[in-house]
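Colleague: Here it is: the structure, laid out below.
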């Protein structure tokens, strides 16, 4: 089959935006100044078509108005002025979604199906830089060697026709792995070399099981066990019994593990409290499905439930930020979609904990610069989310250099689930023995092999490159569209995502419902030949779901899939044999007892001991001296420019905020739409006024002082955020996402016992907050190995908990934002302000270690929030905002920039005897900044006075359309800052991504 | 301008107006587009393109519909070029039916990816195709935004009240709606075509600055489109495409300033984007 090379570029008069952007990045990041860049699209068609047909294809896909195209090579500029030509294309086997579309376009143009593949690339023709500089640009900006290959040419060149065909002609067979007689050392080595991430006791349990069966395991069985038992899938640390020594030195056994003892217990206690109060009335239980499915489900309206899940995709994002983050968002889409019998995706959320983008120090070899990770992660989620047609509703960035090893990449999805589907409750699957196992969506390749086990260990130089997957959102979108139709027609009985562990996990989990499963891997469609059976079984290739289809629906299911151009393959049958049987044609690859697979994991008691490292705090004198050196106005402006305070809209504007047409309070608010919303509000269905409200809390810095206070602060802030927007206080739910540094003591982690104690403390705090606020945890995720060791340097993330809160409104038209509404309105601060600056933004601004982590009293705060929600219900609140990072000063600045109105406020009543800077920058939790009409002041004060209400001042007209804040204390004006000055600090310089 | 060969009954009331919303292949604005036409009173069919193509290459494959909606999204991932693969599929397999539909006086609305598709199909600006002939060659293109990448922002559009466009009648002088795309800068084949289009008032909407004047300046013009061109219509005014999304402004609360508008007593009863859909239904009723 001849290969045809198509080169396409813009006509000379047409601007080349990719070239412009590339030149800007090379200049900003590397200080390189090319004279000119032009870019070209390259398609290598390895298809069964003739040259005449290739010409026909070229004419069909090149734009006749703006592009020039050639079969072979386009001219590379004038002979006297040759460019250096960099071509970036994919390595063999890497997902090439564009190539797939080009093939479709070829088939459409020729009117027939074609065999083979199309491989795509990008050419950069660079003038004014030498070959060495172009090579550097490739290495540091334009190319990731884990997924891409490059070529550097100088004209004249012969068009390169080499394609990265993947695969091998021979298929490896299933092999027996002998465990009998191996020493512990040999078992440990076997586990490490095969990237099984199984401990020696787990290897012992496996060996004993097979000894009892009178045989040795196959490689596929070992792999299947390893995926199923991975920390990623089994949450071993979260479920382990723990001997815990608390800060007072008392030791006790947490027998049921922290997950059951705190997380599940919080939800069950909230469920009981709801039942005994009768709060749900005739509406039915608020908690529809928790902890048992891919996502949590709560009751919303008579018509639909709300589904929510937040995932992390940290390890892949460290290796390939773009692909890793993209698979984070499209992967969590599958979680929410695959809940029950399927839910309609509604909104995405994201949050990234990253190294500081201006990081200038040297990084351990093997780590990418934080700015490149940041750029890649954003682009991955932008492309993944936008192309899936899902608006984003929440997003945040948090910077700390401890995230340079493994970035934390949170991606989440809200979905709306019809209450019933074809007469059945949608939140329940009904898979039965005899139902056929159908794999649908993308094909299987070596991509993503060992993702689950890889994310269960630290990142290091030998981390496997095949663990990286790249998403193909359009293939997934076409699959979702088809599956939604199939769901509405009742064509399947169960569905789940093919994520971590691939088929081994999805079939293994679904087999629990029916009692067994049997599949034939030889039927699984592959991207290329040559995969071993075990590789097919555990590959995490993307865009796949596993569906259970009753035999009488098979024909209709496959007919629909074919019409929608979605690949669906019957690969086996659910049984009640109690076993997971996997064949490859005639060969048996796997015959595992389900009871052992899911229940055979040996429990290990872990040790946790509160033993924080000694910490030296700045003295009061040092703090006062540092504060005295800076005028208040200077501090406020400097604070707004802190990386964790800045607007963040530079990247956020590239995410779709509007698709579906349902958004009411969007991620950014204000006259110039550049102030991050306190919480966001969205309709759920067209023509209805009920809404979903989203907010979150994340405070890893507080963990350095006390993980218990940290967890309380996170839950508190999430709740406060959604209440500020007007959410019902009786319909809140949350997700917990724990991202911890390795909390198991070992030679490389000598402080593991303290890190585990931090986990216990965090869980205690979370439990306390959830019970007090009536906030059930409906789903979550824990990621326990967020460490990287590169070149002998270990970088561990701070213990990080994200609490994502989902709320509800009866009528979105009553939503509030943080923006004050009219001159004359009164500005109030609700809640006490105390000297709580430990690990605050102020401490980082001053470069001082300060004492006093924010303490949260959830019972007292809950009463305050009920009073606040009732005041809103009564129409007394006009705007509301949380006080969070940067305290009152940042919140006031947000109000000014959003409204472009003046705020004149006094600090006299804020806190008791606090210095003005502390009153402004303390991060005391439980506080809300709100405005009310002057005529409502008495009514509002009557309701909220018992909850520490402070009248700060008044809203005033802006000056020439610009807002300001005037801060007074003790009769003096400490600062008067216009919105222009605030905004200059708050904005990142460039909007071009 | 219905012809005697029309195969659809003349609608008597709004619900008789039948709208076909084509879906699939990565398009994603079907729910809001359907809601727009439904709220305007019409009867909407959401149909996957594969179902239409299954009817074969019959010239009457679109019979019975008064309005064709080409919706936003990422057909085939916007790979190769926005709208290219989807438009080619239509050109190769539904071209005759589309020509018949247009010749019969059918109405069409293309939003974002749908607009890109109509431009790739040569149906917009549609000045070079004669009645009864096959689809014309492409005459304009929507290229990458000057600032590379997808960008989400609300824009103000200046509406040309002199344009023959039936979809924008009575709207103006400006209308706001969200814009969100990566390839929205409109270039014409040559200057004489551009001059002809402008002279014929086939540019019903232009990106405008705060004062309502057309602009090429970012971010009021999010893509750098020359002359602020945000959309096009054909000479009959019945085929209309634009980059911004009227379908994402069906509710007054979609507007980023809705609370301020409410406080000023200026909150409209419905999202202003709905007026585009109402105009389409009205034009179908008028025949």
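Colleague: Go through the stretch B:150-161 and give me each residue that's more than 7 Å from chain A (Cβ to nearest Cβ) and not in a loop (DSSP other than H, G, I, E, B). Break it down into steps so the answer makes sense when it comes.
Modeller: If we filter the stretch B:150-161 for residues that are more than 7 Å from chain A (Cβ to nearest Cβ), which is where we start, we get B:154-161.
Answer for the stretch B:150-161, where residues must be more than 7 Å from chain A (Cβ to nearest Cβ) and not in a loop (DSSP other than H, G, I, E, B): B:154, B:155, B:156, B:157, B:158, B:159.
Colleague: Of all residues in the stretch A:1-20, how many are in contact with a strand residue (DSSP E or B) (Cβ under 8 Å, 6 or more places away or on another chain), more than 12 Å from chain B (Cβ to nearest Cβ) and exposed (fewer than 14 other Cβ atoms within 10 Å of the Cβ)?
Modeller: Of the residues in the stretch A:1-20, 1 are in contact with a strand residue (DSSP E or B) (Cβ under 8 Å, 6 or more places away or on another chain), more than 12 Å from chain B (Cβ to nearest Cβ) and exposed (fewer than 14 other Cβ atoms within 10 Å of the Cβ).
Colleague: On the given criteria, is residue B:133 more than 14 Å from the chain's Cα centre (by Cα), free of Cβ contacts under 8 Å to residues at least 40 places away in the same chain and either in a loop (DSSP other than H, G, I, E, B) or closer than 16 Å to residue B:179 by Cβ (or both)? Steps first, please.
Modeller: Numbers: more than 14 Å from the chain's Cα centre (by Cα): yes; free of Cβ contacts under 8 Å to residues at least 40 places away in the same chain: yes; either in a loop (DSSP other than H, G, I, E, B) or closer than 16 Å to residue B:179 by Cβ (or both): yes.
Here the answer is yes, as residue B:133 does meet what is asked.
Colleague: So how many residues does the stretch A:683-697 have that are within 10 Å of chain B (Cβ to nearest Cβ) and either under 19 Å from the mean Cα position of the chain (by Cα) or on the phi < 0 side of the Ramachandran plot (or both)?
Modeller: Initially, the stretch A:683-697 is screened for residues within 10 Å of chain B (Cβ to nearest Cβ), giving A:683, A:685-687, A:689, A:691.
Add one more test, that the residue is either under 19 Å from the mean Cα position of the chain (by Cα) or on the phi < 0 side of the Ramachandran plot (or both), and what stays is A:683, A:685-686, A:689, A:691.
The qualifying residues number 5.
Colleague: Take residues that are modelled with pLDDT of 90 or more and surrounded by fewer than 24 Cβ atoms within 10 Å (Cβ to Cβ) and tell me which of the helices (runs of 4 or more DSSP H) falling wholly in the stretch A:312-387 contain 3 or more. Walk me through it before giving the result.
Modeller: Working: elements: A:314-319, A:321-337, A:370-387.
Answer list for the stretch A:312-387: A:370-387.
Colleague: If you don't mind, another one. Report, ordered by the first and then the second residue, all pairs with beta carbons closer than 7 Å, sequence separation of six or more or different chains, a first member in the stretch A:162-181 that is within 30 Å of residue A:99 (Cβ to Cβ), and a second member that is exposed (fewer than 14 other Cβ atoms within 10 Å of the Cβ).
Modeller: From the stretch A:162-181, the pairs are A:167/A:529; A:168/A:529; A:169/A:529; A:171/A:529.
Colleague: Let me ask something else. Check residue A:143 against each of (1) within 29 Å of residue A:531 (Cβ to Cβ); (2) away from chain B (no Cβ under 14 Å); (3) over 35 Å from the mean Cα position of the chain (by Cα) and name the one condition it does not meet.
Modeller: Of (1) within 29 Å of residue A:531 (Cβ to Cβ); (2) away from chain B (no Cβ under 14 Å); (3) over 35 Å from the mean Cα position of the chain (by Cα), only one is false for residue A:143: (3).
Colleague: Could you check how many residues of the stretch A:91-114 are outside any helix (DSSP H, G or I) and either within 14 Å of chain B (Cβ to nearest Cβ) or modelled with pLDDT of 95 or more (or both)? Walk me through it before giving the result.
Modeller: Of all residues in the stretch A:91-114, those outside any helix (DSSP H, G or I) come to A:91-96, A:111-114.
Adding the requirement that they be either within 14 Å of chain B (Cβ to nearest Cβ) or modelled with pLDDT of 95 or more (or both) leaves A:95-96, A:111-114.
Residues meeting the conditions: 6.
Colleague: Given the options B:169, B:147, name the one that is within 14 Å of chain A (Cβ to nearest Cβ), part of a loop (DSSP other than H, G, I, E, B), surrounded by fewer than 24 Cβ atoms within 10 Å (Cβ to Cβ) and touching a residue at least 40 places away in the same chain (Cβ under 8 Å). Step through it out loud before you land on a result.
Modeller: Numbers: B:169 fails: within 14 Å of chain A (Cβ to nearest Cβ).
None of the other options fit; the residue is B:147.
Colleague: Just to be sure I understand, how many residues within the stretch A:539-560 are farther than 22 Å from residue A:470 by Cβ, within 14 Å of another protein chain (Cβ to nearest Cβ) and either free of Cβ contacts under 8 Å to residues at least 40 places away in the same chain or crowded, with 24+ Cβ neighbours inside 10 Å (or both)? Steps first, please.
Modeller: Narrowing the stretch A:539-560 to residues farther than 22 Å from residue A:470 by Cβ: A:547-560.
Imposing the further condition that a residue be within 14 Å of another protein chain (Cβ to nearest Cβ) reduces the set to A:559-560.
Next, from what is left, pick out any that are either free of Cβ contacts under 8 Å to residues at least 40 places away in the same chain or crowded, with 24+ Cβ neighbours inside 10 Å (or both): A:559.
Residues flagged as farther than 22 Å from residue A:470 by Cβ, within 14 Å of another protein chain (Cβ to nearest Cβ) and either free of Cβ contacts under 8 Å to residues at least 40 places away in the same chain or crowded, with 24+ Cβ neighbours inside 10 Å (or both) within the stretch A:539-560 amount to 1.
Colleague: Looking at the stretch A:47-55, is at least one residue in a strand (DSSP E or B) and in contact with a helix residue (DSSP H, G or I) (Cβ under 7 Å, 6 or more places away or on another chain)? Spell out how you get there, then give the answer.
Modeller: Applying the first criterion (in a strand (DSSP E or B)) to the stretch A:47-55 yields A:47.
Now restrict to residues that are in contact with a helix residue (DSSP H, G or I) (Cβ under 7 Å, 6 or more places away or on another chain): A:47.
The answer is yes, given that some residue of the stretch A:47-55 is in a strand (DSSP E or B) and in contact with a helix residue (DSSP H, G or I) (Cβ under 7 Å, 6 or more places away or on another chain).
Colleague: With respect to residue A:519, determine if the residue is within 15 Å of residue A:224 (Cα to Cα) and either surrounded by fewer than 23 Cβ atoms within 10 Å (Cβ to Cβ) or touching a residue at least 24 places away in the same chain (Cβ under 8 Å) (or both).
Modeller: On the way: within 15 Å of residue A:224 (Cα to Cα): yes; either surrounded by fewer than 23 Cβ atoms within 10 Å (Cβ to Cβ) or touching a residue at least 24 places away in the same chain (Cβ under 8 Å) (or both): yes.
Considered against the rule, which asks whether it is within 15 Å of residue A:224 (Cα to Cα) and either surrounded by fewer than 23 Cβ atoms within 10 Å (Cβ to Cβ) or touching a residue at least 24 places away in the same chain (Cβ under 8 Å) (or both), residue A:519 comes out as yes.
Colleague: Exactly one of these conditions fails for residue A:234: (1) touching a helix residue (DSSP H, G or I) at 6+ places or on another chain (Cβ under 8 Å); (2) modelled with pLDDT of 90 or more; (3) within 25 Å of residue A:753 (Cα to Cα). Give me its number.
Modeller: Residue A:234 satisfies every listed condition except (2).
Colleague: Continuing with this model, one more query. For the stretch A:717-812, which strands (runs of 3 or more DSSP E) that fit wholly inside it have 3 or more residues that are farther than 23 Å from residue A:307 by Cβ? Quick ask: steps written out before the conclusion?
Modeller: Values: elements: A:733-739, A:777-783, A:787-790, A:793-796, A:800-809.
In the stretch A:717-812, A:787-790, A:793-796 are the strands (runs of 3 or more DSSP E) which contain 3 or more residues that are farther than 23 Å from residue A:307 by Cβ.
Colleague: For the stretch A:169-189, does any single residue satisfy the condition of being under 37 Å from the mean Cα position of the chain (by Cα), surrounded by fewer than 19 Cβ atoms within 10 Å (Cβ to Cβ) and under 25 Å from residue A:319 (Cα atoms)?
Modeller: yes
Colleague: Exactly one condition in (1) more than 10 Å from chain B (Cβ to nearest Cβ); (2) at pLDDT 95 or above; (3) part of a loop (DSSP other than H, G, I, E, B) is false for residue A:23; which is it?
Modeller: (3)
Colleague: Moving to a separate point now. Kindly indicate whether residue A:785 is in contact (Cβ under 8 Å) with a residue 24 or more places away in the chain, out of contact with any helix residue (DSSP H, G or I) (no Cβ under 7 Å at 6 or more places or on another chain) and assigned by TED's automatic domain parsing to the domain that holds residue A:742. Steps first, answer last, please.
Modeller: Numbers: in contact (Cβ under 8 Å) with a residue 24 or more places away in the chain: yes; out of contact with any helix residue (DSSP H, G or I) (no Cβ under 7 Å at 6 or more places or on another chain): no; assigned by TED's automatic domain parsing to the domain that holds residue A:742: yes.
No.
Conditions (1) within 11 Å of chain B (Cβ to nearest Cβ); (2) surrounded by fewer than 22 Cβ atoms within 10 Å (Cβ to Cβ); (3) within 22 Å of residue A:883 (Cα to Cα), marked per residue:
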position: A:627; (1), (2), (3): no, yes, yes
position: A:634; (1), (2), (3): no, yes, yes
position: A:638; (1), (2), (3): no, yes, yes
position: A:661; (1), (2), (3): yes, no, no
position: A:671; (1), (2), (3): yes, yes, yes
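Colleague: Of B:114, B:184, which residue is within 12 Å of chain A (Cβ to nearest Cβ), closer than 25 Å to residue A:387 by Cα and out of contact with any helix residue (DSSP H, G or I) (no Cβ under 7 Å at 6 or more places or on another chain)? Outline the logic, then answer.
Modeller: Working: B:114 fails: within 12 Å of chain A (Cβ to nearest Cβ).
Answer to the check: B:184.
Colleague: If residue A:32 passes every condition in (1) more than 18 Å from residue A:85 (Cβ to Cβ); (2) away from every other protein chain (no Cβ under 14 Å); (3) out of contact with any strand residue (DSSP E or B) (no Cβ under 7 Å at 6 or more places or on another chain) but one, which one does it miss?
Modeller: All conditions pass for residue A:32, except number (1).
Colleague: Can you tell me which of (1) within 13 Å of chain A (Cβ to nearest Cβ); (2) crowded, with 24+ Cβ neighbours inside 10 Å; (3) in contact with a helix residue (DSSP H, G or I) (Cβ under 9 Å, 6 or more places away or on another chain) is the one residue B:270 doesn't meet?
Modeller: All conditions are met except number (2).
Colleague: Exactly one of these conditions fails for residue A:78: (1) without any contact (Cβ under 8 Å) to a residue 40 or more places away in the chain; (2) within 13 Å of chain B (Cβ to nearest Cβ). Give me its number.
Modeller: Failing condition for residue A:78: (2).
Colleague: Related question: Among the residues of the stretch A:822-852 satisfying the criterion of being closer than 19 Å to residue A:899 by Cβ and surrounded by fewer than 20 Cβ atoms within 10 Å (Cβ to Cβ), which is nearest to the other protein chains (Cβ to nearest Cβ)?
Modeller: A:822
Colleague: Just the residues that are away from chain A (no Cβ under 11 Å) and in a helix (DSSP H, G or I), please, taken from the stretch B:7-55. First the steps, then the outcome.
Modeller: The first filter runs over the stretch B:7-55 and keeps only residues away from chain A (no Cβ under 11 Å), leaving B:7-22, B:37, B:40-45, B:47, B:52, B:55.
Residues satisfying the conditions are B:14, B:15, B:16, B:37, B:52.
Colleague: Among the residues of the stretch A:45-59, write down those that are farther than 19 Å from residue A:115 by Cβ and buried (at least 18 other Cβ atoms within 10 Å of the Cβ). Don't jump to the end; show me each part of the working.
Modeller: So in the stretch A:45-59, the residues farther than 19 Å from residue A:115 by Cβ come out as A:55, A:58-59.
Across the stretch A:45-59, the qualifying residue is only A:58.
Colleague: Is it fair to say residue A:133 is within 11 Å of chain B (Cβ to nearest Cβ) and under 39 Å from the mean Cα position of the chain (by Cα)? Before the answer, list the steps.
Modeller: On the way: within 11 Å of chain B (Cβ to nearest Cβ): no; under 39 Å from the mean Cα position of the chain (by Cα): yes.
Answer is no for this residue.
The values are calculated or read from the model by the stated rules, or taken from the named source; none is laboratory data. A quick note: this is a predicted structure, and the numbers were derived from the prediction, not measured. A quick note on method: Cβ atoms are made from the backbone with ideal geometry, for glycine too, and the neighbour counts reach across all protein chains shown.
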